[in-house]
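Inspection log for the structure reproduced underneath, given as structure tokens.
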Amino acid sequence: MPSSSSFSFGAGGGGGRGGGGTTYQNLIATKMEEFTGTSDALTNACAFALCASVVGLVALKLSRKTMTMMIERSATTREQERGGGRKPKTTLKELKCPSASDDEKVTITFYYGTQTGTAERYANTLVEDAQKRYGLKQIFARAVDCEDVKPDVCEEVLSSEKCAVFLQSTYGDGDPTDGSADFCRWLEETATDGRMPDMLEDMHFCTFGLGNRSYEHFNAAAKQVDKAISGLGGNKMMKITLGDDDKSLEEDFEEFKEALWRQLEKTFQLKAEGEEGDFDVEKHSYAIRKEEDAEKVNELTKIRERKSFEMSRGSEIPTQAKPYACPIKSRKELHAGKSDRSCVHVEFDVSQCKGLTYEIGDHLGVFAENAPDVVDRVCKLLKVSKQTPMELVRRDDAPKSLLPVFPGPISVGIAVARYADVLSMPRKTAIKALASFATNKKEAKELDLLAVDKAKYHAYVADPHRSLLEVMEKFPSAVPTLGAFFGCVAGRLQPRYYSISSSPKDVTNGSGIVTATVAVVKHKTKTGRVHEGVCSTFLQNVREGDRVPVFVRKATFKLPKDVKAPVILIGPGTGYAPFRGFLQEREYLLKSKKQELGECMLFFGCRKEEHDYIYRDEMENALSEKVITSLDVAFSRDDPKKKVYVQDKIQMKAKDVYKILRSPNGAVYVCGDAKHMSRDVNRALLQVLQREGEYAIHEAEEIIRRLVVDKRYMKDVW
Ligand SMILES: Cc1cc2nc3c(=O)[nH]c(=O)nc-3n(C[C@H](O)[C@H](O)[C@H](O)COP(=O)(O)OP(=O)(O)OC[C@H]3O[C@@H](n4cnc5c(N)ncnc54)[C@H](O)[C@@H]3O)c2cc1C
Ligand SMILES: Cc1cc2nc3c(=O)[nH]c(=O)nc-3n(C[C@H](O)[C@H](O)[C@H](O)COP(=O)(O)O)c2cc1C
């Protein structure tokens, strides 16, 4: 095999047919004879040496050029790959429903509002499946990102629709996703002002909500969209489907899809022509460009990283699409004694990145890597060495739902570490793809069944939360090609967010440091597997000087502008994170700006005083320095007979809490667990209002509602 510096396509790689050394020698001798006009061996050897040096120089120059091109190409793909780059503005013409010249053809638009890409993936899948099922003669299907439908064109775009399906995810505390917020606000405002009750009378629609039942406001954004479209005259084809990520969104989506087909066939007299069920693995796979020289690829990866680091050193603002490879300043364990859990304080040195600015309450997006043992297991299953160099190449006929490309050339080991989500549950399409590669007939049959049989998928994958890695280990004969693995088997590893636990105005560190307070996830799943959280474990193991890609996501969780406004901060566990920043900011205002501050009650909670009373010294100092006016700490496991939580402490301080709740500019902040704590705190606040203010429950609820509307009751919960 020639050790070529050029790329070859296909999983087989290489491309060159093997030639023996003697054949080449004979060929060279003949060519040199032709060139010099003599058969003298010495003359021809000298001529060959001269030619070789010239060719060598040209080759060297070329390969440098190729390297530069490859690096530049990678920078562009990185922009696209993480999907957070600035999108080109979509024109009204593109957005408006294309009025088919052929009246028989139904245009179906799948609108999606997404935060982490699931709704977008579902929308693209529906487009492909609808096209396969009904054929292009009956329908035209398209997916539209709600982010592209700006308020000034909403009316025109939506009123041009005859058939629309909304796939809306809920984020934050019952909010629409960042990108779809304007679209949802426009819908709600237009529907509630009641001026256009018939605006969408031509539209048939239905909604699939992406949510999680353990959140207080389950699928709130999807419910809001569904109600608003109805309010504007849309004809509801079927009841809203509330997908639940706490159980299995994948299964809810499958059910929704089946119901949708039935409904479309009824409403628009469509006829199923094809079977959308046959998942085309080849179409959903990347071609793989193979580079023979592993050394060169490693060097390229390093150059690319250095380049991306240098780009961020200027004033460029790091984004999800183009994060900053940030050096770690330090990391320390916050739990003490015999705690069986871990929580780490990580300091990111952002002093060299002028574009990375933040305010208290913002979130830090972090791209983690899979642990080395996970990477080893995956490479073993793929039957490929970690060092194997590769690059993904999108085929011309690749569908939109193909997972995004990532920069290459890159070694398989690094690609798996950075991009492959192997610890989440496999999607049904991933199982279908695996089935197509299984060489063992029994395994192929079982995988095929798992992919189509709802009950089997539920029992084997969804209910016990089996990871893709576990499934692949159970069916080892199913070895996907690298192109299929990165194209349709393993999802892309997503960034994780952390509430920044520092202030750029911190008296000691200033703006050069961003800190995160990270609870390390480690739990046993039903199958007995110990799940070690990808990002939290990664951050638990980072060392000084390591570089981690990060970016800042702006949030609205801020202290009141009026520094005299009284505030209540409620943040047990890592929920204290943003409040650490708040306290640093207050200390700065108090000490450096000599400002008079309003009252500040801090409620913190943890399991045991000895183990996880994190940042205790800082909180107690803040109290003694009058940065806060009270500190109440609940220990839930110190007294085996009585569990005390923050909500109990709130009740104990009911009079003071009530005073702030009813003061004209008082504000309440809650951070941490969305599933239990935030609901319990809400209940406690309602009880305080009822008891201290003698309000009826509906009055107390109205007071809380007003506080939310006025942004005086804010939550940063996850
Ligand atoms: C806006 C925002 C702010 C956040 N701020 C912080 C913060 O300041 N500090 C912080 O530590 N985290 C914070 N998080 C959570 C953080 O983003 C990660 O989700 C968390 O660190 C886990 O990521 P991971 O990759 O380690 O775990 P993953 O590999 O993603 O695994 C987590 C999954 O494991 C499961 N799981 C976790 N714990 C258990 C359990 N005990 N029992 C059963 N299943 C479980 C859940 O299904 C969960 O989805 C925040 C999240 C958001 C969205
Ligand atoms: C930080 C965070 C907040 C969330 N808030 C809610 C919520 O308030 N209500 C809800 O039903 N689901 C909530 N979810 C669940 C998401 O809606 C769900 O995971 C969905 O599948 C995400 O889809 P997407 O990838 O298209 O954004 C939340 C998820 C996260 C990570």
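Condition (residue is assigned to a strand (DSSP E or B) and of a type outside the set (Val, Ile, Thr)) applied to the stretch 243-255: is it met by at least one residue?
Taking the stretch 243-255 as the starting set, the residues that turn out to be assigned to a strand (DSSP E or B) are 243-244.
Those still in the list that are of a type outside the set (Val, Ile, Thr) too: 243-244.
Yes, that holds for at least one residue.
Among the residues of the stretch 436-477 satisfying the criterion of being small (Gly, Ala, Ser) and open to solvent by 10 Å² or more (accessible area, probe 1.4 Å), which is farthest from Val374 (Cα to Cα)? Break it down stepwise before answering.
Narrowing the stretch 436-477 to residues small (Gly, Ala, Ser): 436, 438, 444, 451, 455, 459, 462, 467, 477.
Cutting the leftovers down to open to solvent by 10 Å² or more (accessible area, probe 1.4 Å) gives us 436, 438, 444, 455, 459, 477.
Details: Ser436: 24, Ala438: 21, Ala444: 24, Ala455: 29, Ala459: 24, Ser477: 19 Å.
Residue satisfying both the conditions and the ranking: Ala455.
Looking for whichever is in a helix (DSSP H, G or I), closer than 27 Å to His676 by Cα and open to solvent by 10 Å² or more (accessible area, probe 1.4 Å) here; the options are Lys227, Lys223. Which one fits?
Details: Lys227 fails: closer than 27 Å to His676 by Cα.
Lys223 is the lone residue from the list that is in a helix (DSSP H, G or I), closer than 27 Å to His676 by Cα and open to solvent by 10 Å² or more (accessible area, probe 1.4 Å).
Picking from Gly194, Gly174, Gly209, Gly233, which residue would you name as being small (Gly, Ala, Ser), within 16 Å of ligand 2 (Cβ to nearest atom) and on the phi > 0 side of the Ramachandran plot?
On the way: Gly194 fails: within 16 Å of ligand 2 (Cβ to nearest atom); Gly209 fails: on the phi > 0 side of the Ramachandran plot; Gly233 fails: within 16 Å of ligand 2 (Cβ to nearest atom).
That would be Gly174, the only listed residue that is small (Gly, Ala, Ser), within 16 Å of ligand 2 (Cβ to nearest atom) and on the phi > 0 side of the Ramachandran plot.
Any idea which of Met677, Met619, Met652 is out of contact with any strand residue (DSSP E or B) (no Cβ under 6 Å at 6 or more places or on another chain), over 20 Å from Pro560 (Cα atoms) and crowded, with 17+ Cβ neighbours inside 10 Å?
On the way: Met619 fails: out of contact with any strand residue (DSSP E or B) (no Cβ under 6 Å at 6 or more places or on another chain); Met652 fails: crowded, with 17+ Cβ neighbours inside 10 Å.
From the options Met677, Met619, Met652, the qualifying one is Met677.
Take the conditions without any contact (Cβ under 8 Å) to a residue 12 or more places away in the chain and assigned to a helix (DSSP H, G or I) and apply them to Glu189. Does it pass? Outline the logic, then answer.
Details: without any contact (Cβ under 8 Å) to a residue 12 or more places away in the chain: yes; assigned to a helix (DSSP H, G or I): yes.
Yes, satisfied.
Identify all residues within the stretch 503-516 that are away from ligand 2 (no atom under 16 Å from the Cβ) and under 23 Å from the mean Cα position of the chain (by Cα); write none if there are none.
Initially, the stretch 503-516 is screened for residues away from ligand 2 (no atom under 16 Å from the Cβ), giving 503-515.
Listed by number, the residues that qualify are Val514, Thr515.
So for the stretch 478-499 (the condition being free of Cβ contacts under 8 Å to residues at least 40 places away in the same chain and either open to solvent by 10 Å² or more (accessible area, probe 1.4 Å) or within 16 Å of ligand 2 (Cβ to nearest atom) (or both)), does at least one residue qualify? Walk me through it before giving the result.
Kept after step one, since they are free of Cβ contacts under 8 Å to residues at least 40 places away in the same chain, are these residues of the stretch 478-499: none.
No, there is no match, as no residue in the stretch 478-499 is free of Cβ contacts under 8 Å to residues at least 40 places away in the same chain and either open to solvent by 10 Å² or more (accessible area, probe 1.4 Å) or within 16 Å of ligand 2 (Cβ to nearest atom) (or both).
Which number in (1) in contact with a His (Cβ under 9 Å, 6 or more places away or on another chain); (2) under 19 Å from Lys96 (Cα atoms) marks the one condition that Ser248 misses?
(2)
From the list Ala130, Ala143, Ala164, pick out the single residue that is away from ligand 1 (no atom under 16 Å from the Cβ), in a helix (DSSP H, G or I) and small (Gly, Ala, Ser). Quick ask: steps written out before the conclusion?
On the way: Ala143 fails: in a helix (DSSP H, G or I); Ala164 fails: in a helix (DSSP H, G or I).
Only one candidate qualifies: Ala130.
Considering only the stretch 176-209, how many residues are within 16 Å of ligand 1 (Cβ to nearest atom) and open to solvent by 10 Å² or more (accessible area, probe 1.4 Å)? Don't jump to the end; show me each part of the working.
We begin by selecting, within the stretch 176-209, every residue within 16 Å of ligand 1 (Cβ to nearest atom); these are 176-179, 181.
Cutting the leftovers down to open to solvent by 10 Å² or more (accessible area, probe 1.4 Å) gives us 176, 178-179, 181.
Residues in the stretch 176-209 being within 16 Å of ligand 1 (Cβ to nearest atom) and open to solvent by 10 Å² or more (accessible area, probe 1.4 Å): 4 in total.
Would you mention how many residues in the stretch 500-528 are near ligand 1 (Cβ under 9 Å from one of its atoms) and touching a residue at least 60 places away in the same chain (Cβ under 8 Å)?
Matching residues across the stretch 500-528 total 9.
Show the residue pairs that are 6+ apart or on different chains and have beta-carbon atoms under 6 Å apart, the first residue being within the stretch 359-380 and closer than 14 Å to Ile414 by Cα, the second being in a helix (DSSP H, G or I) and more than 11 Å from ligand 1 (Cβ to nearest atom).
Filtered contacts from the stretch 359-380: Glu369/Ala417; Glu369/Arg418; Asn370/Ala417; Val375/Gly413; Val375/Val416; Val375/Ala417; Val378/Val416.
Against the conditions (1) of a type outside the set (Asp, Glu); (2) in contact (Cβ under 8 Å) with a residue 40 or more places away in the chain; (3) open to solvent by 10 Å² or more (accessible area, probe 1.4 Å); (4) within 25 Å of Asn370 (Cβ to Cβ), where does Ser385 fall short? Just the number, please.
(2)
Would it be correct to say that Leu689 is surrounded by fewer than 21 Cβ atoms within 10 Å (Cβ to Cβ) and in contact (Cβ under 8 Å) with a residue 24 or more places away in the chain?
Values: surrounded by fewer than 21 Cβ atoms within 10 Å (Cβ to Cβ): no; in contact (Cβ under 8 Å) with a residue 24 or more places away in the chain: yes.
Criteria not met by Leu689.
Going through the stretch 145-171 one residue at a time, which ones are open to solvent by 10 Å² or more (accessible area, probe 1.4 Å) and within 16 Å of ligand 2 (Cβ to nearest atom)?
Restricting attention to the stretch 145-171, the residues satisfying the condition of being open to solvent by 10 Å² or more (accessible area, probe 1.4 Å) are 145, 147-148, 150-153, 155-156, 159-160, 162, 169-171.
If the condition is that a residue be open to solvent by 10 Å² or more (accessible area, probe 1.4 Å) and within 16 Å of ligand 2 (Cβ to nearest atom), then Asp145, Glu147, Asp148, Ser169, Thr170, Tyr171 are the ones that fit.
Output the number of the condition that Tyr588 fails; it satisfies all remaining conditions of (1) among the aromatic types (Phe, Trp, Tyr); (2) open to solvent by 10 Å² or more (accessible area, probe 1.4 Å); (3) under 25 Å from the mean Cα position of the chain (by Cα).
(3)
Determine which member of the set Val567, Val548 is in contact with a Cys (Cβ under 8 Å, 6 or more places away or on another chain), β-branched (Val, Ile, Thr) and either within 16 Å of ligand 1 (Cβ to nearest atom) or open to solvent by 20 Å² or more (accessible area, probe 1.4 Å) (or both). Before you say what the answer is, go through the steps one by one.
Working: Val567 fails: either within 16 Å of ligand 1 (Cβ to nearest atom) or open to solvent by 20 Å² or more (accessible area, probe 1.4 Å) (or both).
Sole residue among the options that is in contact with a Cys (Cβ under 8 Å, 6 or more places away or on another chain), β-branched (Val, Ile, Thr) and either within 16 Å of ligand 1 (Cβ to nearest atom) or open to solvent by 20 Å² or more (accessible area, probe 1.4 Å) (or both): Val548.
The conditions are (1) open to solvent by 70 Å² or more (accessible area, probe 1.4 Å); (2) more than 16 Å from ligand 2 (Cβ to nearest atom), and His531 fails exactly one of them. Which is it?
For His531, the exception is condition (1).
Can you name the condition, by its number, that Leu707 falls short on among (1) surrounded by 16 or more Cβ atoms within 10 Å (Cβ to Cβ); (2) out of contact with any Phe, Trp or Tyr (no Cβ under 6 Å at 6 or more places or on another chain); (3) without any contact (Cβ under 8 Å) to a residue 60 or more places away in the chain?
All conditions pass for Leu707, except number (2).
Which is in contact with a strand residue (DSSP E or B) (Cβ under 8 Å, 6 or more places away or on another chain) and open to solvent by 60 Å² or more (accessible area, probe 1.4 Å), of Asp245, Asp278, Asp252?
Values: Asp278 fails: in contact with a strand residue (DSSP E or B) (Cβ under 8 Å, 6 or more places away or on another chain); Asp252 fails: open to solvent by 60 Å² or more (accessible area, probe 1.4 Å).
From the options Asp245, Asp278, Asp252, the qualifying one is Asp245.
Look through the stretch 99-136, keep the residues that are under 24 Å from Glu156 (Cβ atoms) and open to solvent by 40 Å² or more (accessible area, probe 1.4 Å), and return whichever of them is modelled with the highest pLDDT.
Here the residue is Glu120.
Is it the case that Phe268 is more than 22 Å from Leu210 (Cα to Cα) and open to solvent by less than 50 Å² (accessible area, probe 1.4 Å)?
Criteria met by Phe268.
Does Thr517 fit the bill of being surrounded by fewer than 17 Cβ atoms within 10 Å (Cβ to Cβ) and at negative phi?
On the way: surrounded by fewer than 17 Cβ atoms within 10 Å (Cβ to Cβ): no; at negative phi: yes.
Judged against the criteria, Thr517 is not a match.
Looking at (1) among the polar types (S, T, N, Q); (2) more than 8 Å from ligand 1 (Cβ to nearest atom); (3) in contact (Cβ under 8 Å) with a residue 60 or more places away in the chain; (4) within 30 Å of Ser630 (Cα to Cα), which one does Gln595 not meet, given that it meets all the others?
Result: Gln595 fails condition (3) only.
The values are calculated or read from the model by the stated rules, or taken from the named source; none is laboratory data. Worth saying up front: this structure is predicted, and the values here are computed from it rather than measured. Note that each Cβ is placed from the backbone with ideal geometry, even for glycine, and that neighbours are counted across all protein chains shown. Ligands, DNA and RNA are stripped out before the accessible areas are found, and what is left, the full protein with its side chains, is counted by its heavy atoms. Shrake-Rupley method; radii C 1.70, N 1.55, O 1.52, S 1.80 Å.
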